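**Q** This structure is in structure tokens; I'll ask about it shortly.
A short reminder: the numbers here are calculations on the coordinates, not readings from a lab. Owing to the predicted nature of the structure, the values given are computational and were not obtained by experimental measurement. So basically every Cβ, Gly included, is an ideal-geometry build from the backbone, and we count neighbours across all protein chains shown.
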Amino acid sequence: MANTDSTRLAVLIDADNASSSVVQELLEEVAKYGTATVKRAYGDWTTTNLTGWKAHLHRHAIQPIQQFAYTQGKNSTDSAFIIDAMDLLYAGNVDGFCIVSSDSDFTRLATRMREAGKVVYGLGERKTPEPFIAACDKFVFFEVLKKPVEATVTQPVLADVPDLKELLLHAIRETARDSGWTRLATVGSYIGKNHTSFDSRNYGFKKLSELVRKQAYLEVADVKDATGFVHVEVRSR
């Protein structure tokens, strides 16, 4: 959706499975994709486990949803979360969902929302299982929200991220014109559709354009089109 200001998002937080230390950065990230018209955090607020969250609820206008743990060893929060999400889906008042959790139990929920035509953003820790990551339109790791991003050529910010050179060269081959050049925006879109957790910040750069300019195996050019708009093009050397 081009106009993020008009994109209404429901931010649903699994407080039992997400750290309160990234709340500020998390909401700033969500603001890039739309307006958080619904902000809810699910958990058993009668316990001491969520003490860290309580200080953030009023500050960020997050509504706490109480869910008692009726049976030891069973995650009642997941059930309340999913039921609430489906109610919001059927109400039709939001354009997309931000699922804040590292729990694979939400994989089917994310898939169902996308089947209904809603955009789904996932936010969680690097340990999040691949099926849940793949079920989202885009997945952002908490780790990059907390770390200062500084340009680096060889060392990625996060461990266990896909090989950058392989990702970029494959995307360029698949999208290149006969000249070998392709728009960087097209490359980014291609990678994002096939690797939902791809994020230039995983490799130490704020923007994809900054990242590609530091790769010795790529040639990068700024091209002005007929309307005067300048876009970035890239090809392999």
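**Q** Step through the table entries K32/K193; K127/K214; K118/K146; K32/K165; K39/K207, compare each Cα-Cα distance with 23 Å, and write down the pairs that go over it.
**A** Numbers: K32/K193 18 Å; K127/K214 28 Å; K118/K146 28 Å; K32/K165 27 Å; K39/K207 27 Å.
Flagged as over cut-off: K127/K214; K118/K146; K32/K165; K39/K207.
**Q** Taking the highest mean first, how do the peptides 114-123, 33-42 order by number of other beta carbon atoms within 10 angstrom per residue?
**A** Working: 114-123: 18.1, 33-42: 20.1.
Result, highest mean first: 33-42, 114-123.
**Q** How far apart, in nm, are the 7 Å Cα→Cβ label points at E166 and T48?
**A** Computed distance between label sites E166 and T48 equals 4.6 nm.
**Q** Can I ask one more? Of the listed peptides 50-63, 161-174, 180-193, 14-27, what is their order by residue-averaged count of other C-beta atoms within 10 Å, with the highest listed first? Don't skip to the answer; put the middle values down first.
**A** On the way: 50-63: 14.0, 161-174: 15.9, 180-193: 17.7, 14-27: 19.6.
With the highest mean Cβ count within 10 Å placed first, the list reads 14-27, 180-193, 161-174, 50-63.
**Q** Counting only other residues whose beta carbon sits under 14 Å from that of V23, what net charge do I get with K and R as +1, D and E as -1? Present the calculation step by step, with values, prior to reporting the outcome.
**A** Details: positive: K39, R40, K54, R59, K146; negative: D14, E25, E28, E29.
Combined, the nearby Lys, Arg, Asp and Glu give +1.
**Q** Considering the options A135, L218, Q66, tell which one lies farthest towards the positive end of the dipole of the chain, charges being +1 on Lys and Arg and -1 on Asp and Glu at the Cβ, about the Cα centre.
**A** L218
**Q** Using Cα atoms only, what is the angle between the long axis of helix 184-194 and the major principal axis of the chain, expressed in degrees (0 to 90) to the nearest 10?
**A** Roughly 40 degrees between the two axes.
**Q** Over the chain, what relative contact order in percent results from Cα pairs under 8 Å that are six or more residues apart?
**A** Working: 389 pairs, mean separation 36.0, N = 237.
Dividing the mean separation by the residue count of the chain yields 15 percent.
**Q** Hey, got the Cα dimensions of region 164-236 along the principal axes, in Å, largest first?
**A** Here the spans come out as 34, 25, 24 Å, largest first.
**Q** Among bridges DSSP assigns within the chain, what percent are antiparallel (round to 5)?
**A** Values: 9 of 34 bridges.
Percentage antiparallel, nearest 5: 25.
**Q** Given bins 10 angstrom wide, list per bin the percent of all Cα-Cα distances in the chain, short to long.
**A** 7, 29, 32, 20, 9, 2, 0
**Q** Please express the shape of region 98-237 as an equivalent ellipsoid: the semi-axes are the square roots of 5 times the eigenvalues of the C-alpha gyration tensor, given largest first in whole angstrom.
**A** On the way: eigenvalues 162, 68, 34 Å².
Largest first, region 98-237 gives 28, 18, 13 Å.
**Q** Let me ask something additional. Helix 76-91: angle to the longest alpha-carbon principal axis of the chain, degrees 0 to 90, nearest 10?
**A** It is inclined by approximately 70 degrees.
**Q** Here's something else I'd like to know. Using the Cβ atoms and a cut-off under 13 Å, what net charge is assigned to the surroundings of G117, where Lys and Arg are +1 and Asp and Glu are -1? Mind showing how you got there, number by number?
**A** Details: positive: R112, R114, K118; negative: D95, E115, D137.
So the surrounding residues net to 0.
**Q** Another question, then. Under unit Cβ charges (Lys, Arg +1; Asp, Glu -1), what dipole magnitude, rounded to 20 debye, does the chain have relative to its Cα centre?
**A** On the way: 29 positive and 30 negative charges, 81 e Å.
With only Lys, Arg, Asp and Glu charged at Cβ, the dipole is about 400 debye.
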